[in-house]
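Structure, as structure tokens:
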Amino acid sequence: MGFSVFCLQAAINGVIPQENGILQSDYGGETIPGPAFDPTSHPASAPTPSSSSAFRPVMPSRQIVERQPRMLDFRVEYRDRNVDVVLEDSCTVGEIKQILENELQIPVSKMLLKGWKTGDVEDSTVLKSLHLPKNNSLYVLTPDLPPPSSSSHAGALQESLNQNFMLIITHREVQREYNLNFSGSSTIQEVKRNVYDLTSIPVRHQLWEGWPASATDDSMCLAESGLSYPCHRLTVGRRSSPAQTREQSEEQSTDVHMVSDSDGDDFEDASEFGVDDGEVFGMASSALRKSPMMPENAENEGDALLQFTAEFSSRYGDCHPVFFIGSLEAAFQEAFYVKARDRKLLAIYLHHDESVLTNVFCSQMLCAESIVSYLSQNFITWAWDLTKDANRARFLTMCNRHFGSVVAQTIRTQKTDQFPLFLIIMGKRSSNEVLNVIQGNTTVDELMMRLMAAMEIFTAQQQEDIKDEDEREARENVKREQDEAYRLSLEADRAKREAHEREMAEQFRLEQIRKEQEEEREAIRLSLEQALPPEPKEENAEPVSKLRIRTPSGEFLERRFLASNKLQIVFDFVASKGFPWDEFKLLSTFPRRDVTQLDPNKSLLEVKLFPQETLFLEAKE
């Protein structure tokens, strides 16, 4: 019984770790060692990327435990990380640093552990002596270590965005490889859409192999997806479902991208019914195809060309020219209305299902790898289907508008068996020129020679356009520099003129103020002069005081006053001569005193300016 209980106890201990690593038994007071806590065995409590946990287990001992050790929890912060540390209170501060060294990869010698309530502590300090609570918060400082920098990662990412990735994509069903170049800034979604153009497998039906595990989002750019540089191999196939066979016939009538591959079966089975190859190619194409190349009366040219591309791929395979999706005007913009160095020739492919030459021209000439490669490098290729009368009339209207009535009449007079046609267009300053019209009864070599001949004409014209454009840009740069210099000169002249006008206005204002002040002072002087009592004669019944006043310029003012006159009359006399008493002070020589500080209501006799006195004027500070 005791042994069974012991085994049960050990089993429980193996799956339920105790806080201190020891599981106690009630039998005999013995302790049974439990396994140390291992965070990796408990994914539910695994730390997040910004937080980690370190647990220091207590080594069990086979003895009677009288007192369980006290466990302390520490939350340690360092920059953008949090580390949880659990230790017994019998451990030291240095042991915490050793745990942090393993977690943070920081040497103990470079680490300052802060946040202690008692201030800084030594590494040998025992935690029990600090009387800490159960939960504690600390932080780490590393003043000797430089702060982390993300510039290197950002620089590497920017470099990857500018690199080109070669994707070697294998089409599983047909065992065909495509070597596609994409910039690092292209997204996974763009790759899938390009593969759709090549394989006619819609993005939602593509089944991929070879993408890195980090490429989880189609909006992710290739530089961030973890692709191997410079080459990476991928495999794509069509996603199958149990109901695909049953729904295929329904999808053929509604989805232009899910086209039946029965054309090939029709050609393979033709010999069983006694029909030779010549009869097959001479048959009306509509009898072999379930959908037209282009819908009749399509409102949007881009949608019509999407169906044309999908149907063309279904009939003639995935190796074909990349047809421009958009209106003819948009194709002109892409080919002609750019910088001279970026211009290309425009190739217009005119398809006709009723022509006996169409199948041979498309499958053997237009889909030849040399032709496809040359067109993709040097041409913008735009296509149109003239099988339906409405589409034919629509193209002739566009042709008449863009190329003139002569070209439109040339195409209008072409017989059905002369189709398909390949028009080579070169953009010029005033109009668009048709360099060549290639009919369907040609060979691959002849088609390539005529494309190359058109390219030679275009290259010569392009070099002239580049030279003219460079000269024009140089002239425009010189003109812009001259205009900028002239503008700066005008601004400088205007600034000088405005500064001069402001200076003149300020001088005028100050002159006006000075004149007003002078006029005011003159008016005050005249009023004071007129208010002065008449000068008494030397022989007068009343006592007379004779004052002699020296001005700052050295001149003397002399006047007689009655001894009974108030001192204010002397001040008024001096002011009437241009020396107001608020700007000048009147001083006596002996004893030296400031007369302007005396009471102006006292008489000259009272202030002892009698019978005569010499005074002098001095400007106040």
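Some points to look at:
- Residue 251 fulfils the conditions (1) at pLDDT below 85; (2) open to solvent by less than 80 Å² (accessible area, probe 1.4 Å); (3) assigned to a loop (DSSP other than H, G, I, E, B) except for a single criterion, (3).
- Just so you know, in region 368-396 the residues that are polar (S, T, N, Q) and more than 44 Å from the chain's Cα centre (by Cα) include one that is nearest to residue 300 (Cα to Cα), and it is 391.
- Residues that are farther than 16 Å from residue 529 by Cα, without any contact (Cβ under 8 Å) to a residue 60 or more places away in the chain, open to solvent by 30 Å² or more (accessible area, probe 1.4 Å) and touching a Ser or Thr at 6+ places or on another chain (Cβ under 8 Å), drawn from region 541-565: 542, 562, 564
- For region 291-317, the set of residues classified as of a type in the set (D, E, K, R) and surrounded by fewer than 17 Cβ atoms within 10 Å (Cβ to Cβ) consists of 296, 299, 303, listed by residue number.
- Test for residue 477: is it of a type outside the set (Gly, Ala, Ser), open to solvent by less than 80 Å² (accessible area, probe 1.4 Å) and farther than 30 Å from residue 377 by Cα: yes
- Among the residues of region 571-609, those identified as open to solvent by 80 Å² or more (accessible area, probe 1.4 Å), of a type outside the set (A, V, I, L, M) and out of contact with any Lys or Arg (no Cβ under 6 Å at 6 or more places or on another chain) are 577, 581, 582, 590, 591, 592, 597, 602, 606, 608.
The rows are residues; the columns are (1) in the same structural domain as residue 402 (by the TED database); (2) modelled with pLDDT of 85 or more; (3) of a type in the set (D, E, K, R); (4) under 30 Å from residue 468 (Cβ atoms).
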| residue | (1), (2), (3), (4) |
| --- | --- |
| 264 | no, no, no, no |
| 287 | no, no, no, no |
| 293 | no, yes, no, no |
| 329 | yes, yes, yes, yes |
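- Options 355, 363: the member that is modelled with pLDDT under 90 and open to solvent by less than 10 Å² (accessible area, probe 1.4 Å): 355
- Within region 179-207, residues that are free of Cβ contacts under 8 Å to residues at least 60 places away in the same chain and outside the structural domain of residue 315 (by the TED database) reach partners that are among the aromatic types (Phe, Trp, Tyr) and part of a strand (DSSP E or B) with beta carbons closer than 7 Å, at six or more positions or on different chains, in the pairs 182/165; 184/165; 191/182.
- Candidates 364, 333, filtered to the one that is out of contact with any Leu (no Cβ under 7 Å at 6 or more places or on another chain) and closer than 19 Å to residue 433 by Cβ: 333
- Some residue of region 434-445 being in a helix (DSSP H, G or I) and either open to solvent by 70 Å² or more (accessible area, probe 1.4 Å) or within 30 Å of residue 352 (Cα to Cα) (or both): yes
- Residue satisfying condition, being open to solvent by less than 90 Å² (accessible area, probe 1.4 Å) and under 60 Å from the mean Cα position of the chain (by Cα), within set 568, 512, 507: 512
- Flag if residue 462 is within 42 Å of the chain's Cα centre (by Cα) and open to solvent by less than 30 Å² (accessible area, probe 1.4 Å): yes
- When the residues of region 423-433 are filtered to those that are over 14 Å from residue 452 (Cα atoms) and part of a strand (DSSP E or B), the one that is most open to solvent (accessible area, probe 1.4 Å) is 433.
- Residue in region 516-551 that is modelled with the lowest pLDDT, counting only those that are of a type in the set (Ser, Thr, Tyr) and more than 14 Å from residue 612 (Cα to Cα): 527
- Residue in region 547-566 that is polar (S, T, N, Q), in a loop (DSSP other than H, G, I, E, B), closer than 26 Å to residue 595 by Cα and touching an Asp or Glu at 6+ places or on another chain (Cβ under 7 Å) present: yes
- Filtered residues of region 573-595 (kept if among the hydroxyl-bearing types (Ser, Thr, Tyr) and outside any loop (DSSP other than H, G, I, E, B)): 576, 588
- The lone exception for residue 131 - which of (1) surrounded by fewer than 12 Cβ atoms within 10 Å (Cβ to Cβ); (2) within 35 Å of the chain's Cα centre (by Cα) it fails: (2)
- Unmet criterion (only one of (1) open to solvent by 20 Å² or more (accessible area, probe 1.4 Å); (2) over 10 Å from residue 72 (Cα atoms)) for residue 96: (1)
The values are calculated or read from the model by the stated rules, or taken from the named source; none is laboratory data. Small disclaimer: the values here were computed from a predicted structure and weren't measured. As a convention, Cβ positions derive from the backbone with ideal geometry for all residues, glycine included, and neighbour counts pool all protein chains shown. Heads up: the accessible areas ignore ligands, DNA and RNA and are worked out on the full protein's heavy atoms, side chains in. Shrake-Rupley method; radii C 1.70, N 1.55, O 1.52, S 1.80 Å.
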